[in-house]
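Novice: Mind having a look at this structure? Questions to follow.
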Amino acid sequence: MSRYFRGSTLASWSESATWNSSFGGDGVDADGTEAAIAEDSVLSPQYPVGTFSIDVTPSVQAWSAGAMNSGWAFIPDDDGDLGWRFSSSDGPTVDEHPKLIVEYIPPECTSEGYWVASTQMSEPRSQTASVVVDGWIYVLGDYNYSSNNGRFTRYDPVSHAWESLPDIPSGRGQAAAAAVDGVIYYFGGNNCFSNCWLNTVDAFDTATSTWMTEFTTLPGDPRGFLTATAVSGKIYVMGGVNSYTLPTYSYNYVYDPATNSWTLRADLLAPRSHHAAVEFKGRIYLLGGTFRYAHNEDQMASAVDVYDPVANKWTTPTSLPDSLRAMCGAAVANGRIYVIAGARQSTGGNAPLATVDEFDPQTGCWKQVTALPSARAALTAASVDDVIYAIGGHDGAEALADVLAGVPRRMRGDVNGDGAVDLTDLAELLANYGRAWSN
């Protein structure tokens with residue numbers, strides 16, 4: 001019986017190198033002194049001539065978690081004296097070269113996503129709005145009235161840097177934002193700690209870096225804690241509230257930037273504020289929120305209502321899977337909708353959450369995925385290249401400047417963990433996992 005081990009090589013090697021020429025020595029030694037081999041499995045049965053399989057799942061999982069590995073070394077610890085023989089690539093003839101085929105079969109999915117801290121904002125901010133234009137994340141407003149609630153910044157996911165932009169003409173928080181053709185529209189909001197609700201509409205041209213203010217105001221009562229979602233060149237502004245005691249609104253107005261005009265569409269199925277909204281395949285999903293600004297638990301919204309702008313109709317295909325929540329973030333990545341953090345609210349007060357839930361609109365299934373490192377509500381969320389950014393918020397004690405970048409759940413084949421399944425994953429396999437080929 002021949003004892004045999006498979007080791008993970010911890011130093012890189014080139015395709016043109018042979019085992020004897022690699023690492024500047026006499027070959028890859030079983031004791032690991034030259035190739036820095038980390039033994040990660042041992043095979044000891046006798047194998048007949050032919051094909052056999054080796055489970056490399058532990059190595060792949062380790063690599064996915066960031067462990068160093070430049071390929072596998074297959075080494076008989078007894079030089080084959082007990083019957084295990086093969087030649088290295090230094091063998092004199094092609095017939096003596098080993099033939100190895102590596103078949104990588106990724107798991108269907110894994111809940112092992114991640115969140116990492118990125119560059120913080122210059123000041124803590126909560127109850128902001130965000131929108132993505134040309135790969136930049138624009139963050140508007142604040143609800144911190146001891147400083148500048150007209151703050152307007154943008155974040156570059158590539159350089160992880162923040163840039164300050166001209167202040168919002170009428171500073172406010174608890175407002176909503178959406179973009180059409182490179183112009184960001186900012187609707188409603190509140191500019192004080194009491195009932196200072198607004199129906200203001202401002203717009204920022206990202207091409208010229210200028211604000212514009214001559215727009216038809218938001219119809220209906222002045223309000224905040226509403227959402228704005230762009231679909232096919234128009235913006236749907238939904239829900240909202242303007243009182244600490246009265247019910248929220250079921251408004252559904254669509255704004256047409258081409259004509260600077262508003263049209264009333266089918267009301268929400270139930271009044272809603274403090275909710276999140278995302279667009280997915282031409283439909284608008286409303287997530288979380290409350291029926292009353294009082295935030296009593298039995299007045300929270302559990303239903304996920306979906307609006308079809310073409311048919312002007314609402315449906316309710318699902319409900320939130322675990323707890324009722326408001327003031328959550330939401331984003332779309334990898335064909336899934338993610339509901340991020342928020343607050344479980346009751347007469348006893350707010351309880352910020354770290355929970356992240358994933359919804360698959362194709363299957364109607366929910367899955368709880370990797371949570372944020374710490375709980376928060378009143379955050380904003382955005383997605384760029386299938387990476388989600390959770391920005392700012394409030395942890396129940398103070399506003400936050402944090403920016404968390406993450407992939408809550410890696411998809412099938414997402415080897416490099418960037419949230420997408422594409423050719424970069426194949427490149428990662430070839431670059432970091434070693435190559436296998438046959439002569």
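The values are calculated or read from the model by the stated rules, or taken from the named source; none is laboratory data. What you are looking at is a predicted structure, and each value in this text was computed from that prediction instead of being measured. Positions of Cβ are backbone-derived with ideal geometry, glycine not excepted, and every protein chain shown enters the neighbour counts.
Novice: Those residues that are surrounded by fewer than 16 Cβ atoms within 10 Å (Cβ to Cβ) and either part of a strand (DSSP E or B) or under 19 Å from the mean Cα position of the chain (by Cα) (or both), I need them from segment 313-330; list them, please.
Specialist: Result: LYS313, THR315, THR316, PRO317, SER319.
Novice: Can you work out which of the residues in segment 211-256 that are outside any loop (DSSP other than H, G, I, E, B) and over 30 Å from the mean Cα position of the chain (by Cα) is nearest to ASN195 (Cα to Cα)?
Specialist: PRO247
Novice: Residues in segment 117-131: is at least one surrounded by 20 or more Cβ atoms within 10 Å (Cβ to Cβ), assigned to a strand (DSSP E or B), modelled with pLDDT under 95 and touching a Ser or Thr at 6+ places or on another chain (Cβ under 7 Å)?
Specialist: No, segment 117-131 contains no residue that is surrounded by 20 or more Cβ atoms within 10 Å (Cβ to Cβ), assigned to a strand (DSSP E or B), modelled with pLDDT under 95 and touching a Ser or Thr at 6+ places or on another chain (Cβ under 7 Å).
Novice: Within the group PRO157, PRO169, PRO219, which residue is over 26 Å from LEU287 (Cα atoms) and either crowded, with 20+ Cβ neighbours inside 10 Å or assigned by TED's automatic domain parsing to the domain that holds SER273 (or both)?
Specialist: PRO169 is the lone residue from the list that is over 26 Å from LEU287 (Cα atoms) and either crowded, with 20+ Cβ neighbours inside 10 Å or assigned by TED's automatic domain parsing to the domain that holds SER273 (or both).
Novice: Something else: Select from segment 331-362 the residues that are assigned to a strand (DSSP E or B) and among the hydroxyl-bearing types (Ser, Thr, Tyr) and write down the one among them that is modelled with the lowest pLDDT.
Specialist: SER346
Novice: Okay, next question. Only residues that are of a type outside the set (Lys, Arg), in contact (Cβ under 8 Å) with a residue 24 or more places away in the chain and out of contact with any Lys or Arg (no Cβ under 9 Å at 6 or more places or on another chain): list them for segment 154-173, please.
Specialist: Matches in segment 154-173: TYR155, PRO157, HIS160, ALA161, PRO166, PRO169, SER170.
Novice: So, one more: Only one of these conditions is not met by THR200: (1) among the polar types (S, T, N, Q); (2) modelled with pLDDT of 95 or more; (3) touching a Cys at 6+ places or on another chain (Cβ under 9 Å). Which number is it?
Specialist: The one condition THR200 does not meet is (3).
Novice: Which residue, of ALA377, ALA311, ALA333, ALA382, is within 16 Å of GLY288 (Cβ to Cβ) and of a type outside the set (Lys, Arg)?
Specialist: ALA377
Novice: Right, another one. Checking HIS160 against (1) modelled with pLDDT under 95; (2) on the phi < 0 side of the Ramachandran plot, which test does it fail?
Specialist: Unmet for HIS160, out of (1) modelled with pLDDT under 95; (2) on the phi < 0 side of the Ramachandran plot: (2).
Novice: Still on this structure, I have one more. Can you tell me how many residues within segment 383-395 are among the small types (Gly, Ala, Ser) and surrounded by fewer than 22 Cβ atoms within 10 Å (Cβ to Cβ)?
Specialist: 1
Novice: Looking at segment 363-401, which of its residues are part of a loop (DSSP other than H, G, I, E, B), more than 13 Å from LEU353 (Cα to Cα) and modelled with pLDDT of 95 or more?
Specialist: The answer is GLY392, ALA401.
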